[in-house]
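Structure record follows, encoded as structure tokens.
Computed from the coordinates by the stated procedures, all read-outs in this text should not be read as laboratory data. This one's a predicted model, so the numbers in the text were calculated from it and none came from an experiment. As a convention, Cβ positions derive from the backbone with ideal geometry for all residues, glycine included, and neighbour counts pool all protein chains shown.
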């Protein structure tokens, strides 16, 4: 919830929160079905310290599944 609230606060855009990486694609598909012409942006978590980086892999799959844009965090050298 906090990430979605932060994105809304920073952009003023409406936000839908999936609550976990495994739910990103179903939520994206539900939004696409309800709003077929909406420009969707899937915002990924970068789980760089987690095997398989599920935040990035699931967000990428969700964005591809519905033709959405993908926004990813850039922590620069801080993530290294």
If we scan segment 14-22, do we find a residue that is free of Cβ contacts under 8 Å to residues at least 60 places away in the same chain, part of a helix (DSSP H, G or I), out of contact with any helix residue (DSSP H, G or I) (no Cβ under 6 Å at 6 or more places or on another chain) and over 25 Å from residue 77 (Cβ atoms)? yes
Just checking, how many residues over segment 29-80 are free of Cβ contacts under 8 Å to residues at least 12 places away in the same chain, over 12 Å from the mean Cα position of the chain (by Cα), more than 18 Å from residue 14 (Cβ to Cβ) and not in a loop (DSSP other than H, G, I, E, B)? 3
